[in-house]
1. Could you tally the net charge around Glu54, taking each other residue with its Cβ under 10 Å from the Cβ of Glu54, Lys/Arg +1 and Asp/Glu -1?
2. Using all alpha carbons of segment 149-239, what is the percent of pairwise distances in each 5 Å bin, ordered from the shortest bin to the longest?
3. For the chain, state the semi-axes of the equivalent ellipsoid (square roots of 5 times the eigenvalues of the alpha-carbon gyration tensor), sorted largest first and rounded to whole angstrom.
4. Out of the GluC sites (Glu not before Pro) in segment 186-230, which ones are loop residues according to DSSP with at most 10 other C-beta atoms within 10 Å?
5. Could you name the lysines in cross-link range of Lys75, using Cα to Cα under 23 Å and dropping any fewer than eight places away on the same chain?
6. Mind giving me the FRET efficiency for Gln159 and Thr94? R0 is 45 Å, r the Cβ-Cβ distance, nearest 0.05 is fine.
7. Report, in whole Å, the centroid distance computed from the Cα atoms of segment 223-239 and segment 61-104.
8. Under a crude label model (7 Å from the Cα following the beta-carbon direction), how far is Ser26 from Arg109 in nanometres?
Amino acid sequence: ALMCARTGLKAGARSWFYISYDRCRSWQGPYKLPMFGTPGVAARTDYQVLSRNECLLLLTAAKPNGDEGWSFCAKTDDGGKTFSFLSWIGPEPTGYSIMPSSVRLSESRILVAVRCKEEGKYWIDLYISDDNGRTWRYMNRPVENTGRGGNPPSMIKLQDGRLCLTYGYRDVPYGIRAKLSEDDGETWGEEIILRDDGGNYDLGYPRTVQRSDGKIVTLYYFNDHPEGERYIAATIWEP
């Protein structure tokens, strides 16, 4: 397993990673990531293993003006000893395009969801690569609105081949939502409300996995009251 961390989001941000060989019981690191010629790197854990020594990291960089942020793809060919910049994911955004979450669709095809902002609007976009991250093209916008401040996506491929996208919803009613796709992200079903009882907009940042029995576990941070404590919660549901 691999886990990333960061110091910030804008110019000057630095990132590093840890690795585990025993299913997260213990960790080695931290190991510093390079700056890749950018003003700052803000890593949120997302990666695709290509082979024994090859791995793609999906990361976010500060934009050339130092502001947050622009998603990109980096690669290691030597098991994480060194990394190189591979590609930008989409054009430089006016606002930001950050916190990628990827799934592998075939040996060469990777789909990535990104958290987006522009002029007070917040949504999730999809980009697709047919050459293992070397180039990317825009696919569609599965989520038109994620609410105040936006929220990062968590996207996984289910056992039956469908895609599952989960995210925090930061408008009233505050909560956690999901969408499913039966055609590798080309189209998406109706929004699934996992819960809508949040105290305010300060929630979300989900991570989603599928259990061996087919049920989905979505974890996130949440609050019950505007002035209450934030805590980690989970919803177990059937897709």
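1. Overall, the nearby charge balance is 0.
2. 3, 15, 25, 25, 16, 9, 5, 1, 0
3. 26, 21, 19
4. When the GluC sites (Glu not before Pro) of segment 186-230 are filtered for loop state and at most 10 Cβ neighbours within 10 Å, Glu190, Glu227, Glu229 remain.
5. In chain and number order, the partners are Lys10, Lys32, Lys63, Lys157.
6. Efficiency computed from Cβ-Cβ geometry: 0.70.
7. When both Cα centres are located, 30 Å separates them.
8. 4.2
FYI, it's all coordinate maths here, none of it is from the lab. Values in this document were obtained by computation on a predicted structure and should not be read as measured data. In this analysis, Cβ positions are derived from the backbone assuming ideal geometry, glycine residues included, and neighbour counts consider all displayed protein chains.
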